[in-house]
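First comes the structure, then the notes that go with it.
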Amino acid sequence: MDQKDFIEQFSEKIDQVVNEDAVRAETLHRELDNGQIQGLIDDSIAMGAHAYRTACSNGFSVDQAFVIAMNQIGFTYHE
């Protein structure tokens, strides 16, 4: 299948994805402008810091506490 055939066959889906991306981009710009994103970041930092301090006070090493804090705010560690 060449590029032209692919585009013809999937043009409706391609248009849908492009429109969804445009909506996401506009939503992100609005959230940045009105400060909503900054609030989410601040909340995540506070949750991570609390999880880190709690893990350290419960006997976890600094490295273990860091991984726990990252998991708490949605980051996962993979080796």
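The values are calculated or read from the model by the stated rules, or taken from the named source; none is laboratory data. Since we're looking at a predicted model, the values are computed, not measured. For accessibility, only protein heavy atoms count, side chains too; no ligands or nucleic acids. Shrake-Rupley method; radii C 1.70, N 1.55, O 1.52, S 1.80 Å.
Couple of notes before you dig in:
- Highest GNM mean-square fluctuation among I45, I14, I37, for the chain modelled with Cα contacts below 10 Å: I14.
- Rounded accessible area of L28 (nearest 10 Å², 1.4 Å probe): 90 Å²
- Within the accessible surface of the chain, defined with a 1.4 Å probe on protein heavy atoms only, the carbon and sulfur portion equals 57 percent.
- Comparing Q38, Q16, Q64 in a Gaussian network model of the chain, where Cα atoms under 10 Å apart are tied by springs, the biggest mean-square fluctuation is seen for Q16.
- Mean accessible surface per residue for the chain, computed with a 1.4 Å probe while every protein chain stays in place, in Å²: 85 Å²
- Extended-chain gain in nm, criterion 0.36 nm per residue less alpha-carbon gap, I14 and A46: 7.6 nm
- Cα gyration tensor category, rounded, prolate or oblate, for the range 25-74 with a/c compared to 1.5: prolate
- Candidate membrane-span-like segments in the chain, meaning DSSP H helices with Cα atoms spread over at least 30 Å of their own axis and a Kyte-Doolittle mean of 0.0 or above, are 36-57, with no membrane implied.
- Across the chain, the relative contact order, built from alpha-carbon pairs under 8 Å that are at least six residues apart, equals 20 percent.
- The sum of -39500 (n - 2.57) across all DSSP H runs of n ≥ 4, divided by the residue count of the chain, sets its helix-only mean residue ellipticity at 222 nm to -28500 deg cm²/dmol.
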